[in-house]
Amino acid sequence: GGSVTAANLALTLARQEAAVLLVDADLRRGALHELVDRSRQPGLGEVLRGEVAFEEAVQSIRLPDGGALDFVATGSLPSNPAELLGSDSMSRALDSWTTRYEMVILVASPLHAVADAAILGTRADGVVLVARSGGTHRSAMEDALEQLATVRAPVLGTVLNDLDVRDDRRAGSAAAYFNGTSP
């Protein structure tokens, strides 16, 4: 859910002609390259290890209705993802990217599983959590928020995906809106 949400946000911003960089920073199981139909390598892993320049890893995605966004895949998956994401080379890369792009969107591993997302959250202007309706337990969200608070990562909000407004009584006002019955 998080990868699709991030890709959709990146596409939406790119269609508004913003300079957008989408980075698959899930160096454990990242598969965003498959979603956007691009090559996995070279990617973030190679850039952070100094094996290739950023320009060699960035892939431009031209949108059919105008606009474009730049994409960096994971590259080869390292044996030490957290160490690589917390490295000085990651800090330098982020500094460089934020001067070149209006928006840099990083996709990270699930927060409750490993420390990678919390590490990236400390370097981000903001973190957006993604939760699956009926699938993400409240305790998992509470743990995620606690982890982010512990490292003082700024949380911008949460996206709730897979919500079926037709079948969920709690989504009554949303269902009314989408059915055209709301004022």
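The values are calculated or read from the model by the stated rules, or taken from the named source; none is laboratory data. Treat the numbers as computed from the prediction; the structure is a model and nothing was measured. No Cβ is skipped: glycine too gets one built from the backbone with ideal geometry, and neighbour counts run over all protein chains shown. Heads up: the accessible areas ignore ligands, DNA and RNA and are worked out on the full protein's heavy atoms, side chains in. Shrake-Rupley method; radii C 1.70, N 1.55, O 1.52, S 1.80 Å.
Side notes on the structure shown:
- Ser60 vs. criteria outside any helix (DSSP H, G or I), at negative phi, without any contact (Cβ under 8 Å) to a residue 24 or more places away in the chain and out of contact with any Lys or Arg (no Cβ under 7 Å at 6 or more places or on another chain): yes
- All of Asp37, Asp70 fail the test of being assigned to a loop (DSSP other than H, G, I, E, B) and not basic (Lys, Arg), apart from Asp37.
- Hits in region 51-82 - residues which are within 22 Å of Ala117 (Cα to Cα) and either at pLDDT 95 or above or surrounded by 17 or more Cβ atoms within 10 Å (Cβ to Cβ) (or both): Phe54, Ala57, Val58, Asp70, Phe71, Val72, Ala73, Thr74, Gly75, Pro78, Pro81, Ala82
- Checklist (1) surrounded by fewer than 14 Cβ atoms within 10 Å (Cβ to Cβ); (2) modelled with pLDDT under 70 applied to Ala149, failing item: (2)
- Filter result (in contact with a Lys or Arg (Cβ under 9 Å, 6 or more places away or on another chain) and either open to solvent by less than 50 Å² (accessible area, probe 1.4 Å) or touching a residue at least 40 places away in the same chain (Cβ under 8 Å) (or both)) within region 152-168: Ala153, Asn161, Asp162
- In region 98-115, the residues that are surrounded by 19 or more Cβ atoms within 10 Å (Cβ to Cβ) and under 21 Å from Phe54 (Cα atoms): Val104, Ile105, Leu106, Val107, Ala108
- Test result for Leu22, open to solvent by less than 20 Å² (accessible area, probe 1.4 Å) and out of contact with any Phe, Trp or Tyr (no Cβ under 7 Å at 6 or more places or on another chain): no
Rundown of residues vs (1) among the β-branched types (Val, Ile, Thr); (2) more than 24 Å from Asn8 (Cβ to Cβ); (3) assigned to a loop (DSSP other than H, G, I, E, B); (4) modelled with pLDDT under 95, yes/no style:
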| site | (1), (2), (3), (4) |
| --- | --- |
| Met90 | no, yes, no, no |
| Val104 | yes, no, no, no |
| Pro110 | no, no, yes, yes |
| Ala113 | no, no, yes, yes |
| Asp125 | no, no, yes, yes |
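- Residue in region 130-138 that is at pLDDT 65 or above and either in a helix (DSSP H, G or I) or of a type in the set (D, E, K, R) (or both) present: yes
- Of the residues screened, Ala131 is not one that is small (Gly, Ala, Ser), open to solvent by 20 Å² or more (accessible area, probe 1.4 Å) and farther than 15 Å from Arg49 by Cβ.
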